[in-house]
Amino acid sequence: MRITRVRATPVAVPYRRDEVWAFGRRSGLVALLVEVDTDEGLTGLGEAAAYPSADAVLGALRSMEPLVVGSDPLRIEALIQRIDVVGTYHHTGHSSPAAAALETACWDLLGKSCGMPVSSLLGGPFRDRVEFFHYVAAGDPDEVRAEGARAAGAGARTCYLKVGSDDLDTDLARVAALREGAGRDVGIRVDANEAWSAGAAVRAVAAMEEYGLELVEQPVSGRNLPEMAYVRSRISTPLLANEASWTRSDQFALLRAGAADVVSADQQMDGGLLNLKRSAGICAAAGVPVVKHSLGELGVAVAASVHVIASTPNFRHANQGYGALLTDDIVAGGFAGPLENYSGGCLDVPRGPGLGVELDAEKAGLYAELYRESGGAFSFHDPDALSRAPALPKR
């Protein structure tokens, strides 16, 4: 089998509510659907997060195309090493989502060629269902309270809320409202996206802990591991690394520094499913659990990560997903969104060959057209945030 063509299509899917973080907002999700065609008539599906932008990922894909066309897609290790060592000059970062999409498509082809799901090719299922958190969009306390009740009603066991507002009272009001709406039995995970200094982080987490936090994600800079270790030693809530742990080398340094209790890993940021599994292995050797991070993914990428999570024991917490925000998806049956496709906050591991999902051609075309018409409206551009020239940390 040989790769004959790589096709990439940006798509934009709206949210039901804006996603808001410490430095901006977006009203929908942009991703790149990647299709890898072969001379045997099989097509593999992949998906790249539009990080840092769809144009940047498209450029990376085009630069990788000469390295993969004509190659055997079933020799995945050799192909990805060629991309990493020859094509991107040992660099991981902005090129990683493109490499991850190509690698995912190769896994899909491998599974389809032998009639097996990807999870079986990665060691076999350790679990049959994969848990995701309920993403609660930041808003006024009444909105957050209602969304917490919606999450509890849908059977979610963990809610995720962005913090790092300009003043701590705003964050505290939202966390209190979420606890009231979700009830006592739902975990609350907060994410500051590096918005706090060490002292502010310790103070903020201490003030929030009465509401029963599950994890606090990246409270301070991910580039200062001693500071993370300092904060970790002074809070009771376990610290989840994110911006500090996007690659395997980052995770290795993070663990050596004792800077986190839980590590977030992402195939989009480290070039593929094999590296996501390797990340989990590094953390398992250190006795640390992992969670799947997401830059924003639709059904193809979510299905791919579900196969890895299903086959890897130390994914012990709810993983990041966008089902609670998405209005639709591009795969048949709407695998990753909207919320109604989740049962008790979980997705079943696909049992079909390869990724086990198929494109909905009509919806893929609809959302490709939406991207062409108004794709710029779906990026993290908030006029208010742009006008204020924000800086890190906030306080």
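The values are calculated or read from the model by the stated rules, or taken from the named source; none is laboratory data. As the structure is a prediction and not an experimental result, all values here were calculated from the model. Neighbour counts run over all protein chains shown; Cβ positions are idealised from the backbone, glycine included.
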_Suppose we filter segment 276-293 for residues that are in contact (Cβ under 8 Å) with a residue 40 or more places away in the chain and either closer than 19 Å to Leu215 by Cα or buried (at least 24 other Cβ atoms within 10 Å of the Cβ) (or both); how many remain?_
2
*Residue that is nearest to the chain's Cα centre (by Cα), among those in segment 47-83 that are farther than 16 Å from Gln267 by Cβ and among the β-branched types (Val, Ile, Thr)*: Val68
*Restricting segment 322-341 to residues that are in contact (Cβ under 8 Å) with a residue 40 or more places away in the chain and surrounded by 23 or more Cβ atoms within 10 Å (Cβ to Cβ), which is nearest to Glu103 (Cα to Cα)?*
Ile330
*Selection count where residues are part of a loop (DSSP other than H, G, I, E, B) and over 13 Å from Val263 (Cα atoms), scope segment 215-247*: 9
_Given the condition in a helix (DSSP H, G or I) and surrounded by fewer than 24 Cβ atoms within 10 Å (Cβ to Cβ), answer yes or no: does some residue in segment 183-196 qualify?_
no
*Selection from segment 145-178 of residues that are assigned to a helix (DSSP H, G or I) and either in contact with an Asp or Glu (Cβ under 6 Å, 6 or more places away or on another chain) or more than 15 Å from Met208 (Cβ to Cβ) (or both)*: Arg145, Ala146, Glu147, Ala149, Arg150, Ala151, Ala152, Gly153
*State whether the residues of segment 298-305 include one that is touching a residue at least 12 places away in the same chain (Cβ under 8 Å), crowded, with 24+ Cβ neighbours inside 10 Å and part of a loop (DSSP other than H, G, I, E, B).*
yes
*Residue check, Val290 against (1) more than 29 Å from Pro338 (Cβ to Cβ); (2) touching a Cys at 6+ places or on another chain (Cβ under 6 Å); (3) of a type outside the set (Ser, Thr, Tyr), all met but one. Which one?*
(1)
*Can you spot a residue in segment 71-78 that is of a type in the set (S, T, N, Q), buried (at least 24 other Cβ atoms within 10 Å of the Cβ) and modelled with pLDDT of 95 or more?*
no
*Give me a count of the residues in segment 41-70 that are surrounded by fewer than 20 Cβ atoms within 10 Å (Cβ to Cβ) and touching a Lys or Arg at 6+ places or on another chain (Cβ under 8 Å).*
4
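Given the criteria of a type in the set (Val, Ile, Thr) and in contact with a strand residue (DSSP E or B) (Cβ under 7 Å, 6 or more places away or on another chain), does Val205 qualify?
yes
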_Scope segment 131-153; condition out of contact with any Cys (no Cβ under 6 Å at 6 or more places or on another chain) and closer than 30 Å to Gly354 by Cβ; matching residues_ = Phe132, Phe133, Tyr135
*Test: residue in segment 293-301 that is charged (D, E, K, R), at pLDDT 95 or above, closer than 20 Å to Asp266 by Cβ and in contact with an Asp or Glu (Cβ under 9 Å, 6 or more places away or on another chain)*: yes
*What are the residues in segment 129-143 that are over 22 Å from the mean Cα position of the chain (by Cα) and either outside any loop (DSSP other than H, G, I, E, B) or crowded, with 23+ Cβ neighbours inside 10 Å (or both), if any?*
Pro141, Asp142, Glu143
*Single unsatisfied condition, Phe126 versus (1) more than 23 Å from Pro14 (Cβ to Cβ); (2) not in a loop (DSSP other than H, G, I, E, B)*: (2)
_Ala260 being over 17 Å from Val349 (Cβ atoms), in the same structural domain as Val190 (by TED's automatic domain parsing), surrounded by 18 or more Cβ atoms within 10 Å (Cβ to Cβ) and modelled with pLDDT of 95 or more_ = yes
*Considering each of Pro353, Pro289 in turn, give the residue that is of a type outside the set (Phe, Trp, Tyr), farther than 17 Å from Gly46 by Cβ and modelled with pLDDT of 95 or more.*
Pro289
*Would you mind finding the one in Ala154, Ala176 that is closer than 26 Å to Thr327 by Cα, surrounded by fewer than 24 Cβ atoms within 10 Å (Cβ to Cβ) and not charged (D, E, K, R)?*
Ala154
